[in-house]
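See below for the structure under consideration.
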Amino acid sequence: MNADNVKSQMRKGILEYCILLILNQKPAYSNDIIQVLKEAKLIVVEGTLYPLLSRLKNMKLLNYQWIESTQGPPRKYYSLTEEGENFLKDLSEAWNDIDQTINHLKNL
């Protein structure tokens, strides 16, 4: 079994949660989201991020607003909807449960 494949699947599994955590802080432009993820050592490319943002918007978890930019065309800034905030709370509870389980198993 290849550990890199498993690690990749784990990262993909938490990417949605990480994006919602970022947007819970403040509205963000897609490049800003990518930068925060890179700083957190969760490398993601635009080709992965844009379809995920679209899917989250279609699920009514995100809104977006066009904001004028001093460096080119207007930028699409994403933010959480109320439904997105509730979904994030559910994911946070699930993450805490998983974290407790893993820590328990590591300390057997």
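In a fully extended conformation the segment linking S69 and A94 would gain 5.3 nm over its present Cα-Cα distance, using 0.36 nm per residue. Is the range 1-57 rounded, prolate or oblate when judged by the Cα gyration tensor, a ≥ b ≥ c being the square roots of its eigenvalues, rounded requiring a/c under 1.5 and prolate requiring a/b larger than b/c? Because a/c hits 1.5 or more and a/b exceeds b/c, the range 1-57 counts as prolate.
At a probe radius of 1.4 angstrom, the accessible area of the range 56-106 per residue rounds to 77 square angstrom.
The label-point distance for E46 and N5, in a model that sets each label 7 Å from Cα toward Cβ, rounds to 3.1 nm.
Atom-type composition of the exposed protein surface of the chain places 51 percent of the accessible area on carbon and sulfur (1.4 angstrom probe). Taking the empirical scaling 2.2 N^0.38 Å for compact globular proteins as reference, the range 22-93 has a Cα radius of gyration ratio of 1.12. Computed on protein heavy atoms with a 1.4 Å probe, the accessible areas place I14, I33, I98, I22 in the order I98, I14, I22, I33, largest first.
The mean sequence separation of alpha-carbon pairs under 8 Å and at least six residues apart, normalised by the residue count of the chain, gives a relative contact order of 25 percent. Pairs exceeding a 22 Å alpha-carbon distance, out of K12/K57; K7/K76; K38/K76; K26/K57; K26/K89; K7/K106: K7/K76. Where in the range 90-108 is the amide nitrogen less than 13 Å from a point lying 7 Å along the Cα-to-Cβ axis of M59? The answer is 90-92. Springs join every pair of Cα atoms under 10 Å in this Gaussian network model of the chain, and among T48, T81, T70 the largest mean-square fluctuation is at T70.
Projected label points at E39 and Q25, each 7 Å from Cα along the beta carbon direction, are separated by 0.5 nanometres.
The values are calculated or read from the model by the stated rules, or taken from the named source; none is laboratory data. Bear in mind that the values here come from a model prediction, so they are computed numbers and not experimental data. Virtual Cβ from ideal backbone geometry, glycine too; neighbours counted across all protein chains shown. Surface areas here come from the heavy atoms of the whole protein model, side chains and all, with no ligands, DNA or RNA. Shrake-Rupley method; radii C 1.70, N 1.55, O 1.52, S 1.80 Å.
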